[in-house]
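The values are calculated or read from the model by the stated rules, or taken from the named source; none is laboratory data. Computed from a predicted model, the values in this text were never measured in an experiment. Cβ placement follows ideal geometry from the backbone for every residue including glycine, while neighbour counts extend to all protein chains displayed.
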Amino acid sequence: MSDDTYAGVVYDLDGTLVDLAVNWRAVERGLERILDDVGVDPAPLDAWELLDAAEDAGVGDAAEALISEHEVDGAERAIRLPHADDVPDAERVAVCSLNCERACRVALANEELLDHVRAVVGRDSLPGRERKPHPAPLLRAVESLDLPPEDVVFVGDADRDAETARRAGTGFRYV
Ligand SMILES: [Mg+2]
């Protein structure tokens, strides 16, 4: 199914519109230190699993602050990806990302894409801080387009994005 059959588009950010210049290994080391300080010996996990573990251990705010700092720095030096040129200059576009909203806004503003989107939904945008593959962030982005989920395609680069789209009831396309 082509994107033309959808009235609205929601884009993932990192790996889809831009590559954030984040040293994720450094993020993971920082998160491991936060967990180590509270006596949790983390198994080898990625940043998002470490964030889950930090929240479970009661140090979620510190973990969130560390990740966000790296992301905003990485957003300043993000590399534009070819798909960014395909963002329609229309009203019905939004962004739904696992990155913090501030980093998303910095990267989108630097690429002069921020004015093209109706909503930027990051992992910290919703009161409950639901994160993909939870469907809530994508549904919030869809809501900003004033369209039902089935009329919207989510464009992303990760299996997590495909799973989010499935749960939210939108279409999906790999970038
Ligand atoms: Mg991505």
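Checking each residue in region 137-148 for being crowded, with 20+ Cβ neighbours inside 10 Å and free of Cβ contacts under 8 Å to residues at least 40 places away in the same chain picks out only Leu139.
Sort out which residues of region 1-47 are away from the ligand (no atom under 16 Å from the Cβ) and among the β-branched types (Val, Ile, Thr), and write them in order of number. Quick ask: steps written out before the conclusion?
First pass over region 1-47, keeping only residues away from the ligand (no atom under 16 Å from the Cβ): 1-8, 23, 25-26, 28-45.
Hits for region 1-47 are Thr5, Ile34, Val38, Val40.
Can you say whether Gly74 is within 16 Å of the ligand (Cβ to nearest atom) and surrounded by 17 or more Cβ atoms within 10 Å (Cβ to Cβ), as far as the supplied structure shows? The answer is yes for Gly74. Just checking, does region 87-97 include any residue being under 26 Å from Ala162 (Cα atoms), surrounded by fewer than 18 Cβ atoms within 10 Å (Cβ to Cβ), more than 13 Å from the ligand (Cβ to nearest atom) and among the hydrophobic types (A, V, I, L, M, F, W, C)? Yes: region 87-97 contains one or more residues that are under 26 Å from Ala162 (Cα atoms), surrounded by fewer than 18 Cβ atoms within 10 Å (Cβ to Cβ), more than 13 Å from the ligand (Cβ to nearest atom) and among the hydrophobic types (A, V, I, L, M, F, W, C).
Which pairs do you get when a residue that is aliphatic (A, V, I, L, M), found in region 151-168, comes within reach of a residue that is near the ligand (Cβ under 10 Å from one of its atoms) and not in a loop (DSSP other than H, G, I, E, B), reach meaning Cβ atoms under 6 angstrom, with the pair 6+ apart or on two chains? Once the first residue is aliphatic (A, V, I, L, M) and sits in region 151-168, its partners that are near the ligand (Cβ under 10 Å from one of its atoms) and not in a loop (DSSP other than H, G, I, E, B) give Val155/Tyr11. For region 138-165, name all the residues that are in contact with an Asp or Glu (Cβ under 6 Å, 6 or more places away or on another chain) and away from the ligand (no atom under 12 Å from the Cβ). Residue satisfying the conditions is Val153 alone.
Checking each residue in region 149-175 for being surrounded by fewer than 16 Cβ atoms within 10 Å (Cβ to Cβ), closer than 23 Å to Trp48 by Cβ and of a type in the set (Asp, Glu) picks out only Asp159. Identify, please: which residue in region 1-27 is at pLDDT below 95 and among the acidic types (Asp, Glu) and is, among those, nearest to Asn110 (Cα to Cα)? Only one residue tops the list, namely Asp3.
Among the residues of region 108-137, those identified as farther than 19 Å from Ile67 by Cβ and within 16 Å of the ligand (Cβ to nearest atom) are Glu111, Leu113, Val117. Can you find a residue that is crowded, with 16+ Cβ neighbours inside 10 Å, touching a Leu at 6+ places or on another chain (Cβ under 9 Å) and modelled with pLDDT of 95 or more anywhere in region 78-85? Within region 78-85, one or more residues are crowded, with 16+ Cβ neighbours inside 10 Å, touching a Leu at 6+ places or on another chain (Cβ under 9 Å) and modelled with pLDDT of 95 or more.
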